[in-house]
Amino acid sequence: MLRTARIVGLVALMLVAGCATQVRGDSLTNTLKAYASTLRWGDFASAAQFVDPATLREHPLTDLDMARYQQVRVTDYNDDAGPVPLSDTEVRQTVRINVVNIHTQAERTVIDNQVWRYDARTRHWWLASGLPDITRQ
């Protein structure tokens, strides 16, 4: 009887863990889609809401940063490679973002190496790497 109870308990624990993993995966998919959509529209101010609050405390967005984002238009956001798990609570995603300078009409590509972390307390994925650095050549 004790053995049966242990087996049932173990199976129940595995099912709960599987459900939590599925919920976390669905949350990641939804978050990545929403972030991509926000950047495709060039809405960097709204995209900042995806950034981990701890990252924003360490590296706050300045008025100069926001002014630079306003000088470009996003023409492509390519996340075809998809996220790569680093751990149960962290994924990395490499995205190619094409931007056009609105003053010069020069287009260039920015490679954004994103790191996303899951906060189990809030059940939310946060962009730990911050917004893309569009100043890099």
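The values are calculated or read from the model by the stated rules, or taken from the named source; none is laboratory data. Here the structure is a predicted model, which is why all the values come from computation and not from measurement. All Cβ positions, even for glycine, are placed from backbone atoms using ideal geometry, and neighbour counts span all protein chains on display.
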Kindly establish whether residue 115 is surrounded by 12 or more Cβ atoms within 10 Å (Cβ to Cβ) and in contact with a Lys or Arg (Cβ under 9 Å, 6 or more places away or on another chain).
-> yes
Only one of these is closer than 15 Å to residue 126 by Cα and touching an Asp or Glu at 6+ places or on another chain (Cβ under 9 Å): 54, 36. Name it.
-> 36
Quick check: anything in the range 54-75 modelled with pLDDT of 95 or more, within 16 Å of residue 95 (Cα to Cα) and exposed (fewer than 12 other Cβ atoms within 10 Å of the Cβ)?
-> no
Within the range 66-82, count every residue that is free of Cβ contacts under 8 Å to residues at least 60 places away in the same chain and over 16 Å from residue 37 (Cα atoms).
-> 5
Note on the range 90-121: residues assigned to a loop (DSSP other than H, G, I, E, B) and at pLDDT 95 or above are 102, 103, 104, 105, 106
Go through the range 92-101 and give me each residue that's within 15 Å of the chain's Cα centre (by Cα) and either among the polar types (S, T, N, Q) or loosely packed, with under 11 Cβ neighbours inside 10 Å (or both).
-> 93, 94
Hey, among 104, 89, which residue is farther than 17 Å from residue 39 by Cα and loosely packed, with under 13 Cβ neighbours inside 10 Å?
-> 104
Could you please find all residues in the range 62-82 being touching a strand residue (DSSP E or B) at 6+ places or on another chain (Cβ under 8 Å) and either within 29 Å of residue 121 (Cα to Cα) or not hydroxyl-bearing (Ser, Thr, Tyr) (or both)?
-> 71, 72, 73, 74, 76, 78, 79, 81, 82
Single condition residue 32 does not satisfy, out of (1) surrounded by fewer than 13 Cβ atoms within 10 Å (Cβ to Cβ); (2) modelled with pLDDT of 95 or more = (1)
Out of the range 84-114, which residues are of a type in the set (Val, Ile, Thr) and more than 20 Å from residue 55 (Cα to Cα)?
-> 84, 97, 99, 100, 102, 104, 109, 110
